[in-house]
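*Asks:* Mind looking over this structure? Questions follow.
What follows is calculated from the coordinates using simple rules that are stated; it is not laboratory data. Everything numeric in this text was worked out from a predicted model, so none of it was measured. Here Cβ is always computed from backbone atoms with ideal geometry, including for glycine, and neighbour counts include all displayed protein chains.
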Amino acid sequence: MCILAGSQLSAQNSIQELLTAGVEDTERFMTSYFKPGARGALYAVNAGWYNSAKAKKFLGFEISVIGNAAFVDDDKKSFLLKTSDYNNIRFSSGQNEMQVATVFGINEPEINVLIDYTAPDGSVGTAKIMLPQGAVNQSLNAVPAAFVQGSIGLFKGFEFKARFAPEIEYDDVTTNLYGAGIQYEFTSLAPADKVLPVAISGLIGYTHFDAKYDLDQMLVQGNGANVNTSLNTLNFSGIVSTNLPVINFYGGLNYMTGNAKSNLDGTFILLEGELEGQTVKNPIGIENSIDGFSATLGFNLKVGFAGLSASYSFQEFDAVSVGLNFGI
C-alpha cells in the first residue's frame, strides 16, 4: 500500500535544501505542498467501510480485499506561493508570487528560488534551489489505498469489522494500516426483518495509517533522518440497502473527521544557510485535518460464497472503492 510515499520520494532532497531558508520557511512551504496529499489520503483510507446495511447472522463472516482511490482535481495540483509570506525565499525570476506544484502537480518549466541568508559568522550568502515536483515527478490523479477487511456477525443486529494492511517496506519506505468498526442494523428490531425490502443500519469506524521514509543526507549531516506520516480517521455512517438474494444496492450518508501529521525527524547539522553549523532536532512538524459530510452509492453482487462490491463517494476528494468479498 502506498499513500504519501511517492511524494516523499520526490520531495526528499528539496525538504533538506529548503532548510537553508530556516525552519519557519521550510515548515510553511511543506504545509502547503503536502496539504492536498494529506487530505486526499485521509479520504482514501476512510472509504470502503460497508457494502450493505444488512447485518450478518450470528458468526456469519466476510473477508474482503478492498482497493480505494480518492480522485485529485486540477485545483489541488498547485498553490499560490507569495514571497511576502516567507522570510528568506524569493523567486529567481523576480516575481512576487507564482502558482507552484503541490505533491500532485508539476512545475513546467522548473521553478527555482533564491534563499538569502546571513550565516552565524556574519557572512551573507544566497543559495539557489529547485522547488519540488509532485509525486515521483509525474502528475498523480488519485490517492490509492488497499487493505484486507473482515466482518463477523455478533448478536441482535451487531456486526464487528476490522481492516488491516501488513507492514510493507520498499525504496526506504515503510507503511502499515489498521482499523476497526462496529455496525448495527436498526431494522433487525422489526418483527419481519428477514422479509423487509430494505435494511437500515448505522456504523462507526476508525482507521490508522503510518508511513516512514528514510532520507538521504545532502545539505545536512545527522542521524536518523526520516519523514514520519501518521493518519487517523473516524467515520460515522447511516446506511440503507435493498434486501435481495443476488444483487443489492446501497447508499450512505457519512460524517468523517480526521487528521494527518507529518514530521521531519532526526538530528541535523546544517551545512549551509542561516543555521549553518548548528544542530537541530526534529525540526519540522505539519498537520492537516478534515471534517465534513459525504454521500456514498454502491452495489453488491453475491453468488454463493463470493461477491463483488463497488461504491462511489461524493466529497472533497471523490472516492471509488472496489471489493472482492468471500464469506457466508
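*Asks:* Given DSSP loops and a limit of at most 16 other Cβ atoms within 10 Å, what is the longest stretch of the chain that contains no such trypsin sites (Lys or Arg not before Pro)? All intermediate terms of the calculation are to be shown ahead of the outcome.
*Replies:* Values: sites that count: LYS57, LYS156, LYS194.
No qualifying site falls inside 195-328, the longest such stretch.
*Asks:* How big, in percent, is the set of alpha carbon pairs in the range 5-327 lying more than 23 Å apart?
*Replies:* Numbers: 31452 of 52003 pairs.
Of the Cα pairs, 60 percent sit more than 23 Å apart.
*Asks:* Amide H of PHE147: which non-local residues (sequence gap of 5 or more, or other chain) have their own amide H closer than 5 Å, using H built in the peptide plane?
*Replies:* Sorted by chain and number, the residues that satisfy this are ILE66.
*Asks:* What are the lysines whose alpha-carbon lies under 27 Å from the alpha-carbon of LYS261, with same-chain residues fewer than 8 places away excluded?
*Replies:* LYS35, LYS76, LYS77, LYS82, LYS161, LYS212, LYS281
*Asks:* Please identify the GluC sites (Glu not before Pro) of the range 41-117 that satisfy two criteria: DSSP loop assignment and at most 16 other Cβ atoms within 10 Å. Which are they?
*Replies:* Details: sites: GLU62, GLU97, GLU110; in loops: GLU110.
Sites meeting the loop and neighbour criteria: GLU110.
*Asks:* Here's another thing I want to ask about it. So which residue, out of LEU203, LEU189, LEU264, gets the largest mean-square fluctuation from a GNM of the chain using Cα contacts under 10 Å as springs?
*Replies:* Taking springs between Cα atoms under 10 Å, the residue moving most is LEU189.
*Asks:* Sticking with this structure for a sec: So which lysines pass the test for LYS156, namely a Cα distance under 30 Å, with those fewer than 8 places away in the same chain ruled out?
*Replies:* LYS54, LYS56, LYS57, LYS194, LYS302
*Asks:* Now for a separate question. Rounded to the nearest 500, what is the 222 nm mean residue ellipticity of the chain from helices alone, with -39500 (n - 2.57) per DSSP H run of 4+ residues and division by all residues?
*Replies:* On the way: 2 runs with 38 residues, N = 328.
Estimated from H runs of four or more residues: -4000 deg cm²/dmol.
*Asks:* Among THR26, THR229, THR118, which one shows the biggest mean-square fluctuation in a GNM of the chain, springs joining Cα atoms closer than 10 Å?
*Replies:* Maximum fluctuation in the GNM of the chain, among the listed residues, is at THR118.
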